[in-house]
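Undergrad: The structure is given below, and queries will be raised subsequently.
The values are calculated or read from the model by the stated rules, or taken from the named source; none is laboratory data. As the structure is a computational prediction, the values presented were derived from the model and not from experiment. When we count neighbours, we look across all protein chains shown, and the Cβ atoms used for this are built from the backbone with ideal geometry, even at glycine.
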Amino acid sequence: MSLLDIQNLDVTLALPNGPLKAVRDVTLTLEPGESLGIVGESGSGKSMTALALMRLLPRSATCEAKALRFDGQELRDLSDPAFARQIPGPRIGMIFQEPMTSLNPVYTIGRQMTEATVARGLLSEAEARRKAIDLLDRVGIPDPEGRMSQFPHQMSGGQRQRVMIAMTLMLDPELLIADEPTTALDVTVQAQILDLLDDLRRERGMGLILISHDLAVVAERTDRVAVMYLGEMVEQGTAQDVLYRPQHDYTKALLAAIPRLDGPARVPAQVAAAPEVEKVISATNLCREFHSRKGLFGPKKTVRALDDVSLELRRGETLAVIGESGSGKSTLARILLGLDLPDAGDVRMLGRPVLDLPGAERASLVQPVFQDPYTSLNPRRRLSEIIARPLVLRGEGDSASRLAAVKDAMEKVRLPDRLIHAYPSQLSGGQRQRVAIARALITEPEALICDEPTSALDVSVQAQILELLDDLRAKMGLTCLIITHDMAVVHETADRVAVMYQGRVVEEGSARDVLGNPSNDYTARLLAAAPRFGATQEMEAVQ
Amino acid sequence: MSTTDITLTAVEDSETTPLTPGQIFRKRLFGHTGFLIGASIILLIVLVAIFAPLIAPHDPYVQSLSTRMLPPVWSEGGTWEHILGTDQNGRDYLARLIYGTRVSITIGIGAASVGLVIGVTLGVMAGYFGGWIDHAISFLLTAQLALPGLLLAMALVFIIGPSIWVVIGIVGVLHWTYYLVVTRAATQRIRNLDFVAAAKASGASSRQIIWHEILPNLASAIIVIFTFELGIAILAESSLSFLGVGIQPPTPSWGLMIAEGKQAMFYRPWLVILPGICLFLLVIGANLMGDGLRDITSPEGRNE
Amino acid sequence: MLRYIALRGALALAVAFTVSLAAFLLLNVAGDPAQAIAGEDATPEVIEAIRARYGLDQPLTVRYFEWLGGVLQGDFGESYYWHKPVAELVVDRADETIALALSALSVTILIALPLGALAALNPNSWIDRFALGVAVSAQAVPNFWLGLIMIILFGVMMPIFPVSGDSTWKHFVLPAFVLGASSVPAVMRLTRTGLIEVMGADYIRTARSKGFRGWPLLRRHAMRNALLPVISVLAVQLGQKFGGSVITESIFAINGLGRLALESILGMDIPTVQMLIFVFAIVFVAMNLLADILNAALDPRIRIG
């Protein structure tokens, strides 16, 4: 008998503009102890499916199904109180994407761990406490006993996610649903958490449903994979089949769009190889510290964001700076853009100290593209104003010549003309990122600094933006600095790479050397954590 | 999280462009019952205030001993000559209520504007520059909140000498905290968004960033607060006038009319009830408008 | 935690000091106290004499520090109008106002908290709409007018509660209702939005995924989080009740600080007005400090930095 059997599930959201079918006719089964991955981009209905099963759908949503059986029991027959008593917790456990907010900030870890077992009368207070400590130990929390009396804000994101996992295990569920459990975490932590989930599943013979937008991550760790697209399940099969013999066009396109460590690397730019190249930007011995206080009177904290960082960007090359959150890579970008000043060290653009450059001149040398296209455009301005703004600030041209320049820039980034008077809210994320690139290009700068330009976008859109950047560079001889946390992006786009860790550059060199033969431990760890597909023959066929 | 970019190609190249923010705003505006009711009340009262001399059946200042305290037309002894009756000095009550709109509207708009200028200036400065400027302004805010506003307003108006301009000035100077709190928080949020960084990277000065990038994004919040402050200022004026330290007789102010009617309220209750209803309608109109605008411009309207 | 409280306390003192300075300056710059005492028809000689008698010929800063020095020793000066020490006047009348403020706050809590919570737990239901209606109306009613309507209703039509005076607890029912009603909208709205926000929080979803629903969910997971902001706003409202007592006390003829304030303003009795502003500000600051401490005790994010 299947552990889980969902037949023809529909979820409908009541939106202001009419009902939206978020999940359509989804059928899936899961055997005891089996692991299933559900993959899809944002809005594909993958989370809604899980929330419907747990009766955690938002108020505006309704769900219908032909069958919703768990361990042979029809869940639709249960009243809400009976369902809450029997199913969520003791039978099905669930962990969520946001470890930072998924624990109640005002109660101790110990209380949150033990309360469900004690409230259900399964264990005494003391037994529950002992079990909680054992589980915290099992999920890899150091000093579990001490942690019991701590509060969530005293732990890191990865630790909180471990606590969440331990907490669901308190009730020994037969099925664990993990909804994007590692999306908010750093790559190296991501791998540890996923491995932990996989180990626990084997130890306990639990069923596991792993929901993710990342096909590679899921395929590596599950027996079977289901692909969702626009609310429908377009493909289901063993992980190997879906990965190497995809049937549906969407799956094929999705696979082709994922940046891959083992795909073809880009051909290094020619200019970079020449011996006497001009340095567009050179930074030497940059240091930057941040002092923060909690509230008006809290104790002072000092964070060393940059520690003696030297870097140069040569004309025509693409340099990738890779690191995890907190590595100082974004601070570096802000300093190179002139948005922040280093405490020590200096930045030169085309040989001139950046401090001597007036704002307008600096703007003509280097321009930014930011991570989140939803915040990088002023929502109250039309595209024509946004893109032309750098020209206005420099006092260049009249309105007619500026309009022509805007049209030209929009064409370069392949935005349709008709959007010229649109507002950012009328655009998709990918289109917005194109606008940001157009704005950066309009003053024809020497270099672009792109801070995680694609990490807020879906995989398919990400591929398009990376391709656009690559094209522009080839056509315009643009110099690029790309900041990323994704080794595969480095592999596909960069000539050279600098690896940052805790405010320092720990390794630097040509992308091929660093990725192929890392000399630093941390680089090796990053590389190991990045998902890869293995054999590539089938992939070539897809492409 | 975004819910767009679902497909590989469809959304990117779709021909139908969603509505502009302005279009969405107008569409929601005319679909919001509360806002429509509030706006109609305010519009009506503003029109009455502007055209008071044309509408009023009598001169609001002419006293007549022979027609003192006539009841409204629906009570026994009421006449069509004085539809809402007359006051202690025989002045037509309807005419006085109509002219009272002028006092309320002038003081409401005036004082809310004074508060706006002070509060928004301080709020944007504190939010944008941060550091010691923010600490100083936040301290000022705490001190202002600690002051008993009504008491101070009463004392100051009375000492300086009551007039409509003094009331506007004092009420305005004492009601800027709401603007400050909201604009400071919003500015802090916007200041850290990437489009401000992009403007800086293009060489924009602080002044250019504040005017071009930040203020347009504060506009809707400021309008919302303005409508609420309108109601608060109108109530503050009526309280001052009621206590005898605001608008002075014979100017028709609703608060003052209630104070004058208080002596006779047990046997001539309409003298107190009618101006109160006028005040209630005007303030509820402003509040409904503010609530509506807040609903319409709330964050979920940012297409997230 | 101790450090936090100490610093909050220091800030409160600084605010009280600033407020006293602001009140002193505003009142003394706005008008000429000597002229006020002497009356409008007084000759310049009389005004000069008064100025010398009350020390008003000194520079403003000297007078402020003299006043402040007096305050620190408990001497708030002498009333121009009552010809008694101001402190004595205030202490005499404080009981009524404290009783009024506390009973008004109880009225606010009894109406606003249950209504706000019910509205939050049933968004868009009839109770939510009703609560919104109460809030919008209560916000638009002029407080003094509500008082007069109560007097007309209870004084003439159903004489259950007395409408004037302060001798028994019954005298406080109507004033407390009127004064308490003015705080209902703010407290109710905050309770409602706070609880809605908490109920939508990720940690509530976590608790629901562990099988918690209904009352246990509310009690064990939502209550404390939702109460944190409400405590602060209640403190602010209680602080404002003292200033708001001016209107209520004058309408219901309660012989408290509010009425004293009105009388001393109309009598141009600047030392008394000054002390009342100072006292009300101190009460407000103290209430906020209390709320900060309570919040720190309930919220580990403040307690353990």
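Undergrad: Under the condition of being more than 7 Å from chain C (Cβ to nearest Cβ) and small (G, A, S), which residue from the range B:264-287 is farthest from B:M69 (Cα to Cα)?
TA: Looking at residues that are more than 7 Å from chain C (Cβ to nearest Cβ) and small (G, A, S), I get B:A286.
Undergrad: For the range A:367-377, which positions are more than 7 Å from every other protein chain (Cβ to nearest Cβ) and at pLDDT 90 or above?
TA: Answer for the range A:367-377, where residues must be more than 7 Å from every other protein chain (Cβ to nearest Cβ) and at pLDDT 90 or above: just A:V369.
Undergrad: Among the listed residues B:L140, B:L174, B:L122, B:L116, identify the single one that is within 10 Å of another protein chain (Cβ to nearest Cβ), on the phi < 0 side of the Ramachandran plot and among the aliphatic types (A, V, I, L, M).
TA: B:L140 is the lone residue from the list that is within 10 Å of another protein chain (Cβ to nearest Cβ), on the phi < 0 side of the Ramachandran plot and among the aliphatic types (A, V, I, L, M).
Undergrad: Hey, another quick one. With the requirement that a residue be over 25 Å from B:S104 (Cβ atoms) and either part of a helix (DSSP H, G or I) or of a type in the set (K, R) (or both), what does the range B:22-76 give you?
TA: Once the filter is applied, which keeps residues that are over 25 Å from B:S104 (Cβ atoms) and either part of a helix (DSSP H, G or I) or of a type in the set (K, R) (or both), the range B:22-76 yields B:G22, B:Q23, B:I24, B:F25, B:R26, B:K27, B:R28, B:L65, B:S66, B:T67, B:R68.
Undergrad: Also, quick follow-up: So if I check each of C:V236, C:V230, C:V246, C:V273, which one is within 11 Å of the chain's Cα centre (by Cα) and in contact (Cβ under 8 Å) with a residue 24 or more places away in the chain?
TA: Exactly one residue qualifies, and that residue is C:V236.
Undergrad: Which condition number in (1) at pLDDT 90 or above; (2) facing another protein chain (nearest Cβ under 7 Å); (3) under 17 Å from the mean Cα position of the chain (by Cα) is the one that C:T206 fails?
TA: (3)
Undergrad: Evaluate the range C:144-160: report whether one residue or more is under 19 Å from C:G256 (Cβ atoms), without any contact (Cβ under 8 Å) to a residue 40 or more places away in the chain, over 21 Å from the mean Cα position of the chain (by Cα) and part of a helix (DSSP H, G or I).
TA: Within the range C:144-160, one or more residues are under 19 Å from C:G256 (Cβ atoms), without any contact (Cβ under 8 Å) to a residue 40 or more places away in the chain, over 21 Å from the mean Cα position of the chain (by Cα) and part of a helix (DSSP H, G or I).
Undergrad: Just checking, which of B:L235, B:L218 is within 18 Å of the chain's Cα centre (by Cα), buried (at least 19 other Cβ atoms within 10 Å of the Cβ) and either within 14 Å of chain A (Cβ to nearest Cβ) or of a type in the set (K, R) (or both)?
TA: B:L218
Undergrad: Hey, any hits in the range B:95-103 for a residue that's free of Cβ contacts under 8 Å to residues at least 24 places away in the same chain, of a type outside the set (K, R) and either more than 24 Å from B:G231 (Cβ to Cβ) or out of contact with any Phe, Trp or Tyr (no Cβ under 7 Å at 6 or more places or on another chain) (or both)?
TA: Scanning the range B:95-103, I find no residue that is free of Cβ contacts under 8 Å to residues at least 24 places away in the same chain, of a type outside the set (K, R) and either more than 24 Å from B:G231 (Cβ to Cβ) or out of contact with any Phe, Trp or Tyr (no Cβ under 7 Å at 6 or more places or on another chain) (or both), so the answer is no.
Undergrad: Scan the range B:85-107 for residues that are outside any loop (DSSP other than H, G, I, E, B) and among the acidic types (D, E) and jot them down.
TA: B:D92, the sole residue that qualifies.
Undergrad: Name the single residue that is nearest to the chain's Cα centre (by Cα) among those in the range A:161-173 being more than 11 Å from chain C (Cβ to nearest Cβ) and crowded, with 19+ Cβ neighbours inside 10 Å. Reasoning before the result, please.
TA: Applying the first criterion (more than 11 Å from chain C (Cβ to nearest Cβ)) to the range A:161-173 yields A:161-162, A:165-166, A:169, A:172.
Restricting the remaining residues to those that are crowded, with 19+ Cβ neighbours inside 10 Å gives A:161-162, A:165-166, A:169.
Numbers: A:Q161: 16, A:R162: 19, A:I165: 20, A:A166: 24, A:L169: 26 Å.
Among those residues, the one meeting the criterion is A:Q161.
Undergrad: Before we move on, is B:A155 out of contact with any Lys or Arg (no Cβ under 7 Å at 6 or more places or on another chain), within 14 Å of chain C (Cβ to nearest Cβ) and either free of Cβ contacts under 8 Å to residues at least 60 places away in the same chain or not charged (D, E, K, R) (or both)?
TA: When the stated conditions are applied, B:A155 passes them.
Undergrad: I've got another one for you. Being surrounded by fewer than 18 Cβ atoms within 10 Å (Cβ to Cβ) and over 20 Å from B:F242 (Cα atoms) is the filter; apply it to the range B:97-117 and report the residue that is nearest to the chain's Cα centre (by Cα).
TA: B:S113
Undergrad: Looking at the structure I just gave you, is A:A22 at pLDDT 90 or above, closer than 28 Å to A:D249 by Cα and not β-branched (V, I, T)?
TA: No.
Undergrad: Of the conditions (1) in contact with a Phe, Trp or Tyr (Cβ under 8 Å, 6 or more places away or on another chain); (2) under 30 Å from A:L9 (Cβ atoms), A:I109 satisfies every one except a single condition; which number is it?
TA: (2)
Undergrad: While we're looking at this one, here's another question. Look at A:R55 and say whether it is farther than 16 Å from C:R205 by Cα, in contact with a strand residue (DSSP E or B) (Cβ under 8 Å, 6 or more places away or on another chain), within 11 Å of chain C (Cβ to nearest Cβ) and buried (at least 17 other Cβ atoms within 10 Å of the Cβ).
TA: In short, no.
Undergrad: On to the next question. Out of curiosity, is A:P453 of a type outside the set (A, V, I, L, M, F, W, C), in contact with a strand residue (DSSP E or B) (Cβ under 7 Å, 6 or more places away or on another chain) and within 12 Å of another protein chain (Cβ to nearest Cβ)? First the steps, then the outcome.
TA: Working: of a type outside the set (A, V, I, L, M, F, W, C): yes; in contact with a strand residue (DSSP E or B) (Cβ under 7 Å, 6 or more places away or on another chain): yes; within 12 Å of another protein chain (Cβ to nearest Cβ): yes.
Yes: the conditions hold for A:P453.
Undergrad: Give C:E45, C:E66 a once-over and let me know the one that is at pLDDT 80 or above and farther than 25 Å from C:V283 by Cα.
TA: Answer to the selection: C:E45.
Undergrad: Moving on. Got a number for residues in the range C:186-224 being of a type outside the set (K, R) and in contact with a Pro (Cβ under 8 Å, 6 or more places away or on another chain)?
TA: Number of matching residues: 7.
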